[in-house]
Amino acid sequence: MRADDNPAKTVASTADPGLYVKVALPTNPKLSKLKPGDVVHGNLARDVYSSDRKVFSAGNPVQLTVDHLERRKRTPNDHWPWAVKEFTPRHENYPVFREAVISNGSSEDRIQVSMVSVNRMREVFAHAKKKTAGQPSAENHGAIETSKSIQKGPVTPTMVLEAFGLDSSKSDSSGSEIVASQDKPELVPAGTRCKILLLGTVSASHSKPGDAVTARLLEPVVLNERVVLPAGSLITGKVVKRTPPRMLSRAGSLSLSFNELTLPQGSHIAIAAAPAGAELDARSHTRIDSEGGLHGERPGAAWMAINLGVTAGISKEVDDGLQLAIEAIVSTATDVSTAGTGRIVSGCVSGIYLATRHGRDVMLPRFSEMDITLERAVTVEPRPTIAASNAATGK
């Protein structure tokens, strides 16, 4: 379940990204059954970063209290065909949390939160490219340290929150310290993976080639124990190509590219990056090819069985209805003649219905996590220290 996309909120998120908080839940809660005052417990599924600082560590306990319930539109998915979606409720009760309490050792932090989604998530990675003779291996690119990504394992329910109101000086004291400032340009090698967070929804059915795609860096990229690319850096790109879901149950596809990175202090860096992985709803049927293109999978047995069942029902109704209509209009019509006509017409109608069914969509909702790979090396100029900045301004 996911909140409705709000363009105004998306723009606000770009200007003031807040914090991205992911909470692993021990069980899959029935959100529609929650009541005001109910408490939901979980643990942070990943480290929480703000620029160069890690403010919370993965595993910290989180407590959320339901403030009230709202009725919101249900988020569509590509798991079931159209026939099932028509009979699925389009709205559901949605709990609203105002505050989260995060325990950090002996202390507790209270932050304002807004729930984005609750889903069972799975990771999808690009297929490995085939190596050609003379192609350098990934090890030749150098060692790049990044924060730990989500561990593979059982699919567990996960709650995604957008958090605000944290003290800007807050920093997690656990773990090793990472130096943020630089005194010389750093070269980020090609092949470096960056974990990003989409700030708007992208889909094969609604996006168009050339549409802007905005994301922010979710985890800092660390090189030689120095933060080269801080968390929160904006990354912009565009939709390169898209193929919407088509008739004959053919799935859609989507190609994205990222070409610019903006550091928190405003510096712009040209990049060339392509998707290498994504975290999607466990029910999603999307794969990523070796070039970073996203493709919907072919309909499975359940999908086709449902469509065939609906087709058979339509054929039966058309057959019976047409026979009754012909016998009522033509008094000399016989059962044999009407049955033959009915079968022909019902066969044509059911065939048209089956042929016009569209395949699966490719959808990346707002606040989807993605991995992107730098296709060429990037030079990052030194970022001034606070002392140097004060000296330059005469303070």
Item to complete: Using the Karplus curve 6.51 cos²θ - 1.76 cosθ + 1.60 with θ = phi - 60°, work out ³J(HN,Hα) for each residue of segment 112-121 in order, rounded to whole Hz, and write x for Gly and Pro.
Response: 6, 9, 9, 6, 9, 6, 9, 8, 8, 10
Item to complete: Would you grab the residues whose amide H sits under 5 Å from the one on residue 94? Only those 5+ places off in sequence or on another chain, please, with H modelled 1.01 Å from N.
Response: 70, 71, 72
Discussion item. 5 Å is the cut-off here: which amide hydrogens, built 1.01 Å from N in the peptide plane, fall below it relative to residue 42, excluding neighbours closer than 5 in sequence?
Written reply: 62
Item to complete: Please list the non-local residues whose amide H lies under 5 Å from the amide H of residue 271, H modeled 1.01 Å from N, same-chain partners needing a gap of 5 or more.
Response: 260, 261
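Once the piece of chain linking residue 106 and residue 208 is laid out straight, how much longer is it, given 0.36 nm per residue of separation minus the C-alpha distance between them?
Working: separation 102, 0.36 × 102 = 36.72 nm, distance 5.02 nm.
Taking 0.36 nm per residue and subtracting the Cα distance, the gain is 31.7 nm.
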Discussion item. I'd like to compare 255-267, 41-53, 23-35: which one has the highest average count of other Cβ atoms within 10 Å, and what's the full order after that?
Written reply: 41-53, 255-267, 23-35
Worksheet item: Distance in nm between label sites at residue 30 and residue 88, each 7 Å beyond Cα in the beta-carbon direction?
Response: 1.9
Response to the item:
Pseudo-spin-label distance residue 379 to residue 308, built 7 Å along Cα→Cβ, given in nm, is 6.2
Discussion item. Can you compute the FRET efficiency between residue 248 and residue 344 using 1/(1 + (r/R0)^6), with r the Cβ-Cβ distance and R0 = 30 Å? Round to the nearest 0.05.
Written reply: 0.85
Worksheet item: ³J(HN,Hα) across segment 269-277 via Karplus (A = 6.51, B = -1.76, C = 1.60, θ = phi - 60°), whole Hz, x for Gly/Pro?
Response: 10, 6, 9, 9, 9, 9, x, 10, x
Fill in: Which of 297, 369, 291 has the fewest Cβ neighbours within 10 Å, and the rest in rising order
291, 297, 369
Response to the item:
Of the listed pairs 195/241; 73/238; 35/195, those with alpha carbons more than 30 Å apart are 35/195
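Every number in this text was worked out from the coordinates using simple rules, so none of it is lab data. None of these values were measured; they are calculated from a predicted model. Cβ coordinates were reconstructed from backbone atoms using ideal geometry, including for glycine residues, and neighbour counts include every protein chain displayed.
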